[in-house]
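First up is the structure itself, then whatever we jot down about it.
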Amino acid sequence: GAGVSQTPSNKVTEKGKYVELRCDPISGHTALYWYRQSLGQGPEFLIYFQGTGAADDSGLPNDRFFAVRPEGSVSTLKIQRTERGDSAVYLCASSSEGGRWAEAFFGQGTRLTVV
Amino acid sequence: TQLLEQSPQFLSIQEGENLTVYCNSSSVFSSLQWYRQEPGEGPVLLVTVVTGGEVKKLKRLTFQFGDARKDSSLHITAAQPGDTGLYLCAGQSNAGGTSYGKLTFGQGTILTVHP
């Protein structure tokens, strides 16, 4: 595709439920990033993939959060036992390579609301 | 923990005025990026500065990286209503084992330019 695509655009779920958020990066981009943005704040780093492997998962807040990228393209962010505090916009970005000065292109985000 | 403090948080000005947004940290960054984000969209990269003291110009926007690579500023000349949006600075570093894939964002500056 022309840009980073995230689905769904909006997700409303009940507290305690499991959710999956999908990211389709720009074709050929080897690096993929997940960020979380709360209202009125800048994005907060969650995890960074280089190919299929997680190169840096230091931003995942706890073990309820998990992300995969099994074939080095599409990535899924999985959240178990959702809590109201998980409500935020989840942003995905990709770049042609990871590392210094890599230009990341962001998707439009998935707005997650936990009620 | 690396932090980026952005100021001001809100800026409301009239068309034609000049403005400056500041991004400060006690940490040294390898590079500093500036993004613009519109409602319902992901951040879009405006510029990357990598050398201490570097100045980059993008039409009416001037970006500066501090000599010590701990701070940056964005100056807009003769602001227009189309400049309205959320402006974010983001730092990249591999200090302390941090991967270059992790961007540390400031909390953002919401700019409103009135016609």
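Enumerate by residue number the trypsin sites (Lys or Arg not before Pro) in region B:30-115 meeting two conditions: DSSP loop (anything except H, G, I, E, B), and at most 15 other Cβ atoms within 10 Å of the site's Cβ.
B:LYS59, B:ARG60
Of all beta bridges DSSP finds with both residues in chain B, what is the antiparallel percent, to the nearest 5?
Here the share of antiparallel DSSP bridges comes out near 90 percent.
Using a Förster distance of 30 angstrom, determine the FRET efficiency expected from the C-beta separation of A:ASN62 and B:VAL50, and round it to 0.05.
After rounding, the FRET efficiency stands at 0.30.
So what is the relative contact order for chain A, in percent, with contacts set as C-alpha pairs under 8 Å and at least six apart?
36
For the pair B:ASP67 and A:GLU83, what calculated FRET efficiency results from E = 1/(1 + (r/R0)^6), where r is the Cβ-Cβ distance and R0 = 45 Å, to the nearest 0.05?
Result of the calculation: an efficiency of 0.55.
Which lysines, on any chain, are close to A:LYS11 with Cα under 16 Å apart, when same-chain ones fewer than 8 places away are left out?
Within the straight-line limit of under 16 Å, A:LYS11 reaches these lysines: A:LYS78.
Over region B:5-114, average the accessible area per residue using a 1.4 Å probe and give it in Å², no decimals.
Heavy-atom accessible area per residue stands at 44 Å².
Quick one: pull the percent of accessible area on chain B belonging to carbon and sulfur, 1.4 Å probe, ligands and nucleic acids left out.
Here carbon and sulfur together make up 50 percent of the probe-accessible area.
Let me know the charge dipole size of chain A about its Cα centre in debye, to the nearest 20, where only the beta-carbon of Lys, Arg (+1) and Asp, Glu (-1) is charged.
I would put it at about 400 debye.
Interface B/A, total buried accessible area with a 1.4 Å probe, nearest 100 Å²?
Adding both sides of the contact gives about 1700 Å².
So, R0 is 41 Å and r is the distance between the beta-carbons of B:GLU15 and A:ASN10; what FRET efficiency does that work out to, to 0.05?
The calculated FRET efficiency here is 0.75.
Can you give the average number of partner chain beta-carbon atoms within 10 Å of each beta-carbon in peptide B:44-54, as a whole number?
Mean partner-chain Cβ count within 10 Å for B:44-54: 1.
For chain A, the longest stretch holding no chymotrypsin sites (Phe, Trp or Tyr not before Pro) located in a DSSP loop with at most 15 other Cβ atoms within 10 Å is which?
No qualifying site falls inside A:19-100, the longest such stretch.
Debye calculation, C-alpha points only, no solvent: report log10 I(q)/I(0) for the protein assembly as shown at q = 0.13 Å⁻¹, in the same order as the q values.
-0.76
The values are calculated or read from the model by the stated rules, or taken from the named source; none is laboratory data. The structure displayed is predicted, hence computed values, not measured ones. Methodologically, a virtual Cβ is constructed for each residue, glycine included, from the backbone with ideal geometry; neighbour enumeration extends over all protein chains shown. Please note that ligands, DNA and RNA were not included when accessible areas were found on the heavy atoms of the full protein model with its side chains. Shrake-Rupley method; radii C 1.70, N 1.55, O 1.52, S 1.80 Å.
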